[in-house]
Structures are given as C-alpha cells and as structure tokens.
Amino acid sequence: MELLVIHPSADEVRDDERLSAVLRDALSGLPHRTLTDMDGLPDLRGRRLLFALALGEYGVNSACLRLLRRLRAEPDLLEGCTAALVVDGAGELYTKSAASELALAANLAGSALLGRPLVEATGSLNNFRVQAKNLGTDLAGAYRAAVRELAERLACETFAPRETPSILALHASSYHTSNTMQLWAQVKRRLGEGFDVAEIGLRNGAVSDCAGCPYTACLHFGEKDRCFYGGLMQDEVWPAIRRCDAVVLLCPNYNDALSANLTAFVNRLTGLFRQTRFYDKAVFAIVVSGYSGGDTVARQIVSAMNMNKSFYLPPRFSMIETANDPGEALRLPGVEGRLDAFAERIRGTLCP
C-alpha cells in the first residue's frame, strides 16, 4: 500500500537534511509520495500516513502548527486513515511532546495509530544507544532501521475484528460518585450483547507502583509470568490483559494527570511488555475533568499506552468531557449523542 509522507517544511528548521536522508534510505523500495506544503494538502481520507516532523532549535516547526490548526478545525480530515510518526529534533527536548500533540490531533480528526507508532531522534541520537548495540550498528544506522521497520509495518499492518470481543475496563473510582464511571455504565449499556466485558478496580492501594527493578530482573520475572511485586497486577490484571481485545481506561483528571493508581498500572505493565507486544489490542479512554485539561490526560494515555506500551489507538479513541458535581456528566448538553458515538466507535473497531 502506498504511504503518504506528510513532511512539513518550515523556514526556522535550518537543518532538515538528516531527516530527509533517513526517509530516502528507509523508504527505498516502498511505494510512497511526499507532501511538504501544509496549506495545499489533497484529500487524505483512507490513506496510510507517515508524519515526518523536523523540529528547529527550539522545538518549533511553524508548518506543523498550520497542520495542527487544520486537523483541529476539520474533524473529518483523516477519516479512515492509519498513521505513524517520525520526529527529528535539533536538541534533546520536545520530540516526545511534539509527537503526542500531533498524534492526538490526528486521532481526533479520524486517524488510527499503529501500536508503537513513533520513531523519535534527539539531536545527539543517544536515545538509540540500546538499539544500536542490539543491532550491531552505529546510532545513525539504528535510526534508519527503526524508521524502515515502522514504515513497513505502516504499509501492511491492520487491526482485525473479533467475533466475540473481550473488553477490560480499568478504574480507580466509585460508581456512586464518579462521573467517569457513570459515563462508562451508559457506554457499556449501549454496547449490548456480543461483548465479554470485565471490570477491575484499582482502588485503595490495590496496585503498588513499580520501583524500577533492573532490566534483567524485570525480564527474568516477566518470562516466568510473574512480577517481583506480585499482587493484583500479577494475579488478575496481567491475565485479563492477555485475554482482552481492548482496554478501556476510565480516567478522571487528577491535577492534569492520570490518577496514581492508573499510573501505577501503566508502570507495572512493563514486566508483561517485556515478553510481548500489544499491537493487536486496542486502547480506549473516558476522560472527565472537573474544570479543564482533558486533552492533557488524553495525550498522556497516547504516550503511555500507544507510543510506549504498543496498544493500537483506534480513531477518536477517547471520550473527553468536563463535569464536576456528581451526576453532572449525564446532564451535559448533547451527551447522549456523544455516548452513542463512543459506543459505536468501540463496536466499529472490535466487531466484524
């Protein structure tokens, strides 16, 4: 399948030669077309998109800002697309934040993202040290290999529907007071029959956070289907993750971040991630903020679950609402239609 490479060109990016050279090498032999003018994009719907973003000295690319504006202004611009990203930085900062911002905008405009859709290159390329050692090459060679592997996956990888999809909902809230849980109850009701739905609560210290075992220790325990810290994650959550086809994270906004329990869940997934990838599992989320900042939490989920832990990100993966008082979310204007649409997105992703 032909790839469409979206490569925003901006005056303040003085040195785009490294990214351009990597793309030429990595895409050699793969059918592709490159677009650099963000103001004259053709119809993008249904395409395989590789966003290639070079950041200037201060982490800014004005052409990408124009692209972001258009994605946010045209919520159907990328309908039916599947995307991945390459971000090349002039310094050591901003590559991940620029990628997550662009990824969320593309997702809200209708694009899915592959599991682990990002190759980022800091100015020094030191983030490729482990890959270079494993491949027996230098830093630049590891960078090229990573982009090539990503492009090959983007050209052919698809997310297959299931006959009887299994969904795991993870939360750390109370049904009685949580707007997030009340929205999930309505989504679950709308899904109807044909789904195997399980829920696991992570409240009240049920999950200890990861204390950072050495890599070899984490790998050793993971290969034995165990975690050094044991408990609910090892006994219930890991087996449920293996069984499920999709995870739904129920995420009230805590200080513009995931709650401590859900953060601990992400951290403790590392042991399981050491032995498998989650390309064939989707992640959805319901995010509720008391005042603002739902997009901040959604970007965290993109970074943690999609970019890091390799879960597939379906189009418009998140339902983002603002509600404070208990029960307020179900009284929001238009919420019934948004609940219908979110349930339909889950069904459309998982069912034949």
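The values are calculated or read from the model by the stated rules, or taken from the named source; none is laboratory data. Computed from a predicted model, the values in this text were never measured in an experiment. All Cβ positions, even for glycine, are placed from backbone atoms using ideal geometry, and neighbour counts span all protein chains on display.
Are any of the residues in the range 99-108 over 20 Å from Thr296 (Cα atoms), surrounded by 20 or more Cβ atoms within 10 Å (Cβ to Cβ) and touching a residue at least 24 places away in the same chain (Cβ under 8 Å)? Give the steps one after another, and end with the answer.
Residues of the range 99-108 over 20 Å from Thr296 (Cα atoms): none.
No: the range 99-108 contains no residue that is over 20 Å from Thr296 (Cα atoms), surrounded by 20 or more Cβ atoms within 10 Å (Cβ to Cβ) and touching a residue at least 24 places away in the same chain (Cβ under 8 Å).
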Residues of the range 294-314 classified as assigned to a loop (DSSP other than H, G, I, E, B) and small (Gly, Ala, Ser), total: 1
Any hit, the range 50-68, residues being over 18 Å from Ala146 (Cβ atoms), among the hydrophobic types (A, V, I, L, M, F, W, C), loosely packed, with under 12 Cβ neighbours inside 10 Å and out of contact with any strand residue (DSSP E or B) (no Cβ under 8 Å at 6 or more places or on another chain): no
Residues that are small (Gly, Ala, Ser), within 13 Å of the chain's Cα centre (by Cα) and either in the same structural domain as Ala84 (by TED's automatic domain parsing) or crowded, with 21+ Cβ neighbours inside 10 Å (or both), drawn from the range 294-331: Ala298, Ala304, Ser318
Subset of the range 154-177 [surrounded by fewer than 21 Cβ atoms within 10 Å (Cβ to Cβ) and in a loop (DSSP other than H, G, I, E, B)]: Glu157, Thr158, Phe159, Ala160, Pro161, Arg162, Glu163, Thr164, Ser174, Tyr175, His176, Thr177
Filtered residues of the range 279-292 (kept if outside any strand (DSSP E or B) and buried (at least 22 other Cβ atoms within 10 Å of the Cβ)): Lys281
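Got at least one residue in the range 268-278 being outside the structural domain of Glu120 (by TED's automatic domain parsing), more than 21 Å from Gly115 (Cβ to Cβ) and in a helix (DSSP H, G or I)? First the steps, then the outcome.
The initial filter retains those residues of the range 268-278 that are outside the structural domain of Glu120 (by TED's automatic domain parsing), namely 268-278.
From what's left, more than 21 Å from Gly115 (Cβ to Cβ): none.
No: zero hits.
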Condition broken by Ile286, with the remaining ones in (1) among the hydrophobic types (A, V, I, L, M, F, W, C); (2) within 13 Å of Gly115 (Cα to Cα); (3) touching a residue at least 40 places away in the same chain (Cβ under 8 Å) satisfied: (2)
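Within the range 141-153, track down each residue that is surrounded by fewer than 18 Cβ atoms within 10 Å (Cβ to Cβ) and without any contact (Cβ under 8 Å) to a residue 60 or more places away in the chain. Show your work before the answer.
Here is the first cut: in the range 141-153, the residues surrounded by fewer than 18 Cβ atoms within 10 Å (Cβ to Cβ) are 141, 149, 152-153.
Gly141, Glu149, listed by residue number.
For the range 234-263, name all the residues that are more than 25 Å from Asn179 (Cβ to Cβ), modelled with pLDDT of 90 or more and assigned to a helix (DSSP H, G or I). Full working, then the answer.
So in the range 234-263, the residues more than 25 Å from Asn179 (Cβ to Cβ) come out as 234-236, 238-239, 241-243, 245.
Remaining after also requiring modelled with pLDDT of 90 or more: 236, 238-239, 241-243, 245.
Hits for the range 234-263 are Glu236, Trp238, Pro239, Ile241, Arg242, Arg243.
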So Leu313, is it in contact with a strand residue (DSSP E or B) (Cβ under 9 Å, 6 or more places away or on another chain) and under 14 Å from Ser100 (Cα atoms): yes
Test set (1) modelled with pLDDT of 95 or more; (2) in contact with a helix residue (DSSP H, G or I) (Cβ under 6 Å, 6 or more places away or on another chain) - Gly348 fails condition number: (2)
